[in-house]
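**Student:** If you scroll down you'll find the structure; I have some questions about it.
The values are calculated or read from the model by the stated rules, or taken from the named source; none is laboratory data. Since we're looking at a predicted model, the values are computed, not measured. Here Cβ is always computed from backbone atoms with ideal geometry, including for glycine, and neighbour counts include all displayed protein chains. The accessibility values were calculated without ligands, DNA or RNA, using every heavy atom of the protein model including side chains. Shrake-Rupley method; radii C 1.70, N 1.55, O 1.52, S 1.80 Å.
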6 protein chains.
Amino acid sequence: MTSFSRPSGRAPDQLRPVRIQRRYTRHAEGSVLVCFGDTQVLCTASVEARVPPFLRGKGEGWVTAEYGMLPRSTHTRNDREAARGKQGGRTLEIQRLIGRALRACVDRRLLGERTITLDCDVLQADGGTRTAAITGAYVALHDAVGWLMARREIARSPIFGAIAAVSVGVYRGVPVLDLDYAEDSDCDTDMNLVMNDGGGFIELQGTAEGHAFRRDELDALLALGEAGARALFGAQQAALAE
Amino acid sequence: MTSFSRPSGRAPDQLRPVRIQRRYTRHAEGSVLVCFGDTQVLCTASVEARVPPFLRGKGEGWVTAEYGMLPRSTHTRNDREAARGKQGGRTLEIQRLIGRALRACVDRRLLGERTITLDCDVLQADGGTRTAAITGAYVALHDAVGWLMARREIARSPIFGAIAAVSVGVYRGVPVLDLDYAEDSDCDTDMNLVMNDGGGFIELQGTAEGHAFRRDELDALLALGEAGARALFGAQQAALAE
Amino acid sequence: MTSFSRPSGRAPDQLRPVRIQRRYTRHAEGSVLVCFGDTQVLCTASVEARVPPFLRGKGEGWVTAEYGMLPRSTHTRNDREAARGKQGGRTLEIQRLIGRALRACVDRRLLGERTITLDCDVLQADGGTRTAAITGAYVALHDAVGWLMARREIARSPIFGAIAAVSVGVYRGVPVLDLDYAEDSDCDTDMNLVMNDGGGFIELQGTAEGHAFRRDELDALLALGEAGARALFGAQQAALAE
Amino acid sequence: MTSFSRPSGRAPDQLRPVRIQRRYTRHAEGSVLVCFGDTQVLCTASVEARVPPFLRGKGEGWVTAEYGMLPRSTHTRNDREAARGKQGGRTLEIQRLIGRALRACVDRRLLGERTITLDCDVLQADGGTRTAAITGAYVALHDAVGWLMARREIARSPIFGAIAAVSVGVYRGVPVLDLDYAEDSDCDTDMNLVMNDGGGFIELQGTAEGHAFRRDELDALLALGEAGARALFGAQQAALAE
Amino acid sequence: MTSFSRPSGRAPDQLRPVRIQRRYTRHAEGSVLVCFGDTQVLCTASVEARVPPFLRGKGEGWVTAEYGMLPRSTHTRNDREAARGKQGGRTLEIQRLIGRALRACVDRRLLGERTITLDCDVLQADGGTRTAAITGAYVALHDAVGWLMARREIARSPIFGAIAAVSVGVYRGVPVLDLDYAEDSDCDTDMNLVMNDGGGFIELQGTAEGHAFRRDELDALLALGEAGARALFGAQQAALAE
Amino acid sequence: MTSFSRPSGRAPDQLRPVRIQRRYTRHAEGSVLVCFGDTQVLCTASVEARVPPFLRGKGEGWVTAEYGMLPRSTHTRNDREAARGKQGGRTLEIQRLIGRALRACVDRRLLGERTITLDCDVLQADGGTRTAAITGAYVALHDAVGWLMARREIARSPIFGAIAAVSVGVYRGVPVLDLDYAEDSDCDTDMNLVMNDGGGFIELQGTAEGHAFRRDELDALLALGEAGARALFGAQQAALAE
């Protein structure tokens, strides 16, 4: 299909440039700026010595997430959720997803009665903010656990394996990896995949508003996503090795 | 596998008894009580001659959904969201899903500048409330369109195909169809599938908090879901033929 | 006055058909569907082993109520209160009334430090939802107390007497019993009466927006209401005897 | 019953001293401080040249009310409703009552497309704040209508008759008029009556939490209330004659 | 500048008539009506035997303030903040200012674990409500401390010195003291000063929306304010001597 | 005074290193990262072709600001205001200040019916976030106006002069410039100054919770602030010259 091209000129199976910058701000136990191309998300991990009421006295910890977009991270300004007085449905959905995704690599008994909160704030948006957030939050979580171990608050890391996320979709009939805003807004079908580095699927969220996925498309998207996630695990390891 | 059994005694690929009762309440243009076993959801479709601001003057209609659980639809009483002063993240997530699912079978130009609101209120919950809601809301939507056609407000039905939803999951290592509450609360991995009657996937939402899906499990779950959806399309057609 | 007739064809002192169906849903300790004609209210009673802060440590229990209307229980769709983010004044007024009414037949010391919450959710509205709710909630409360006694949590029933409610009003100059929506919306004057089975008045709420009640009308309305309440006590006893 | 005495030493049928002070503040079109003994309520009437959406273009006006208590109008400090972020159920119930009561003496067609808002703010509370508020708001409303007529905005007064309100109750077995806080908090049964000066009842709200009204008590209370209201109409006329 | 005159006819360095009336309402431990000309603010001080969470167990007390305007204290009616569901930015700013100002004269260790809440409610507004509120709240605070000492709950007064506040501004080029509404709304530059009776500045809040203060104007305004505050300390002492 | 030293080792009249980075994010018409030492604030300016209701049809524009702190911009994590459902008093106070400050250099008639919103989001906090925000927002505003002029939407710049802000305070008895967090939290008295480049004062907000400013201290602080603001005007001009 010689005539097909993505707005960015990327190959269908090509990620955007990924950048993972640790220690981006000073105060948090983990602080990571993650960039998937022009999408930039600041992910901080905060450790607190308390757990939500439903876990009190059970000897387990908790990992949770909050998500926000700066009002002008987007093409046109969005209302500030703090000023409107509530978080929208999309925000709640994304932060629930990030929290579930990261809990999937944590042994909460080893964490002890502590909460790690992952705040994912979008400084600049160009599609894929939730997948960038999950990929970056993993590194921030890792740094926060390192901080706990350096202070000898915990003896063994509660993290097992790694977690990364990437989007896939059908753009003008062709399955493609890691959609940017131009593709995302002109695309019938897209799916966000959260995977672990053992090749398992943690979350699949595919949406086809109007055009349904055929089973063969679904298989092609899953294969693209698996390859993309492998590349992201490499980027996380490289960042953690610095 | 002689030792495996589901709490309900069902076979792994067996749906719960499905009941779809039309004209359940009097005032709505479509009103359906849908039961997946002990899960009972009242789905009403309300027609209004207006559209949300972002569609005004475009000659298109809108289909949207709201979801709620009666406080004592569940084993223990939940706070009433109206009293707490906001809808929780789970509620918003489910009602956004129902709305997207039903819009996938509607030609909004043929609907004209009208809104159809699908209210899905859970009278009794035993797992699978969102899949029952989507399956029942389709029938309520159909009745509301029939009401518009009977009054000659629209000449052609804007509905193409049918939409149904079902859950699948891995329970004690075995892929099973249509999880009830006993299974759902003791299950590592589950997925909600929304399909159309052409065999296409409209939504996939798979979650593995703790244990990841392997690819072969995913394939088995998709096959179970496809068969389950076919049975639900039959139940919808039977109800609409009455 | 040969020309007088009610929209429903009922005699001035005639109740609508009353139906009280126990065990309507599974999870609640008491669950009753009450119908006054086309008005249908689901009343559940939930027992919880805690009391509000102002009663802690006093050895007394609490009985409270919440009220809601499904968005399309009415002729035209009403906004969902959970989505609007607050309960309206009418809702708060009605649920406070239901709570007061039911507390009037409970010895809270005999209940012990427990709360019974009566959720009254209107599935279909045709006038008189609050009076139906009180009448049905009494039966749900009775079942919840029965559940507590069957589990030997309490030795003696804290319920004394029975409580029922009915509306009366002046429709086209004639005092009538149990107004339906057609009468209610075309009526100058109406009153809700809550009574006990000893013939005492628990609550009177009469409203005349525009035309004031004369004292003789008031006397006629009170007499109608007393007769209506007696019939409702019979219906409650019949339901409880099943 | 020689041993009976009210905490205040009043006779059972005796009102507290009533004071109605017009032009209490400067800016409002009507501004009245009404005192029933130690209960002091500031009632202002504000005229605005607009109506709520449901009345636009109908050529009718609207009369509505808002009610509030200063945080330390009471024995112990109450939370400020503005700080808590919502008005409580009691507040909403009272302001709805005040609005209905005053609309009962206004011909809204003669008012034209204007809204008169009656703000009733309790400076000091000693029982009976809602009845004092209604009685004072009538005078403020009258002054606001006088202001409209003086400016020749309306030619004829839309007010017909007068409205006043008083409480009655059974205190230690004796029917009494105009309960103060000491009586109100130690009383099984009380009723608020809103009447017009033609002797008609506009609102009756009787509540018996625990002990039901007998029919003979009810008759005695209605008689006390009628006499009390007559005295209040006199006080209003005297104030308006100044 | 012979042609200069203030709308009220006052000299540039002249305060409006100040009135400070103690024991204005009955229930509060301190209750003061303060009038700066036509600005009337009711300031109550409420003592409670508890402190906010951040002070628990530290042996210190707390002094805080809340501020509100009655809806028709102003020329045109303002929405009631309790009905809108939140306090506006101006309200929060003013009540934070009042609280900080009064804490500046209290030794919180001598107060012990108690909270004194100063409620400042504007009955009538004509400019300078926040400065009147601070000046009156000081007297109410003094009375509440007197109440505590009379009951021998505390042995020594925690109040040191006095606090008063006044506004200054540049009106038509001339520095003036104690702006009323007519001046305030036609003035480029104004400043609120909170001072103690030792001549120290507790708060300065100067705002020039459009025209900046020159340094010489600032010096003139500070001098006016110092003189104004001295007069207010005299008025407070006179009221406390009654 | 050999023994005095600031935690940072700075001289009393020394600013922290100032960095002003334009075009920090892509989408906003102006986007500036401003750093006062470790305090980092992202200031974006968004242009919209509409004005608030109170300005409609008047031919004038509006400049407004919103402020937020990322939850972990601070030493310990703060609740996310969007999740709590409202902006706190401090936030509202700061954003009102920023808006007033920037309006002081804009001729709103020349701006035409447009709104420029300045979003100031704190990425990292170390004292002085509001002064950094104002100083940076001025540059972002300048860039947004440049964008309007480049598109020929406006012919003349509506900006006159420059605006900058800096804090001053008395730290251990010594007046110092530009307080960082270590000083701010251990300081009796501090003041924020907003100035224009003509040497005029736009806003003064001085607070002494406990220890009052003497007049001579105030003079020393004003002098420090004037010098600091001059240095900030230089930094702004240098950034705008790039």
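**Student:** Return the residues of region A:94-140 that are surrounded by 21 or more Cβ atoms within 10 Å (Cβ to Cβ) and acidic (Asp, Glu); say none if nothing qualifies.
**Tutor:** A:Asp119, A:Asp121, A:Asp126
**Student:** State the number of residues belonging to region C:182-192 that are free of Cβ contacts under 8 Å to residues at least 60 places away in the same chain and either under 30 Å from C:Ala28 (Cα atoms) or buried (at least 22 other Cβ atoms within 10 Å of the Cβ) (or both).
**Tutor:** 3
**Student:** Sticking with this one: Can you tell which of D:Asp126, D:Asp121 is in contact with a Leu (Cβ under 6 Å, 6 or more places away or on another chain) and touching a residue at least 60 places away in the same chain (Cβ under 8 Å)?
**Tutor:** Only one candidate qualifies: D:Asp121.
**Student:** Also, I was wondering about something else. In region B:141-157, which residues are over 21 Å from the mean Cα position of the chain (by Cα) and open to solvent by 50 Å² or more (accessible area, probe 1.4 Å)?
**Tutor:** Correct list: B:Trp147, B:Met149, B:Ala150, B:Arg151, B:Arg152, B:Glu153, B:Ala155, B:Arg156.
**Student:** Confirm whether C:Ala164 is of a type in the set (A, V, I, L, M) and open to solvent by less than 20 Å² (accessible area, probe 1.4 Å).
**Tutor:** yes
**Student:** Here is a follow-up. Considering only residues that are open to solvent by less than 10 Å² (accessible area, probe 1.4 Å) and touching a residue at least 60 places away in the same chain (Cβ under 8 Å), look in region B:194-236 and name the one that is farthest from A:Gly200 (Cα to Cα).
**Tutor:** B:Gln236
**Student:** Hey, another quick one. Can you pull out every residue in region E:117-132 that is in a helix (DSSP H, G or I) and among the polar types (S, T, N, Q)?
**Tutor:** Hits for region E:117-132 are E:Thr129, E:Thr131.
**Student:** What's the number of the condition C:Ala65 fails, among (1) within 13 Å of chain B (Cβ to nearest Cβ); (2) hydrophobic (A, V, I, L, M, F, W, C); (3) farther than 20 Å from C:Leu141 by Cβ?
**Tutor:** It is condition (3) that C:Ala65 fails.
**Student:** Which pairs turn up if I take residues in region D:147-166 that are without any contact (Cβ under 8 Å) to a residue 40 or more places away in the chain and look for partners that are in a loop (DSSP other than H, G, I, E, B) and loosely packed, with under 15 Cβ neighbours inside 10 Å with beta carbon separation below 8 Å, at least 6 apart in sequence or on another chain?
**Tutor:** Pairs found: D:Met149/D:Ala155.
**Student:** At least 1 residues that are away from chain E (no Cβ under 14 Å) in each: list the strands (runs of 3 or more DSSP E) lying fully within region F:133-242 that qualify.
**Tutor:** F:163-171, F:174-177
**Student:** Given the options D:Arg103, D:Arg109, D:Arg77, D:Arg96, name the one that is out of contact with any Leu (no Cβ under 8 Å at 6 or more places or on another chain), over 21 Å from D:Met195 (Cα atoms), at pLDDT 95 or above and facing another protein chain (nearest Cβ under 7 Å).
**Tutor:** D:Arg77
**Student:** Another one. Go through F:Ala133, F:Ala144 for me and flag whichever is closer than 25 Å to F:Glu242 by Cα and in contact with a helix residue (DSSP H, G or I) (Cβ under 7 Å, 6 or more places away or on another chain).
**Tutor:** The match here is F:Ala133.
**Student:** Taking B:Ser46 as meeting all but one of (1) open to solvent by less than 10 Å² (accessible area, probe 1.4 Å); (2) farther than 30 Å from C:Ala182 by Cα, write down the number of the exception.
**Tutor:** Failed condition: (2).
**Student:** Turning to a different aspect of this structure: Residues of region E:184-219 being of a type in the set (A, V, I, L, M, F, W, C) and within 23 Å of F:Ala223 (Cβ to Cβ), which ones?
**Tutor:** Those that are of a type in the set (A, V, I, L, M, F, W, C) and within 23 Å of F:Ala223 (Cβ to Cβ): E:Met191, E:Leu193, E:Val194, E:Met195, E:Phe201, E:Ile202, E:Leu204, E:Ala208, E:Ala212, E:Phe213, E:Leu218.
**Student:** When you check C:Asp190 against the structure, is it acidic (Asp, Glu) and either touching a helix residue (DSSP H, G or I) at 6+ places or on another chain (Cβ under 7 Å) or at pLDDT 95 or above (or both), yes or no?
**Tutor:** yes
**Student:** Would you check if there is a residue in region C:33-40 being within 21 Å of the chain's Cα centre (by Cα), away from chain B (no Cβ under 12 Å) and surrounded by 20 or more Cβ atoms within 10 Å (Cβ to Cβ)?
**Tutor:** yes
**Student:** When you scan region E:80-100, do you find a residue that is closer than 21 Å to D:Thr74 by Cβ and touching a residue at least 60 places away in the same chain (Cβ under 8 Å), even just one?
**Tutor:** No.
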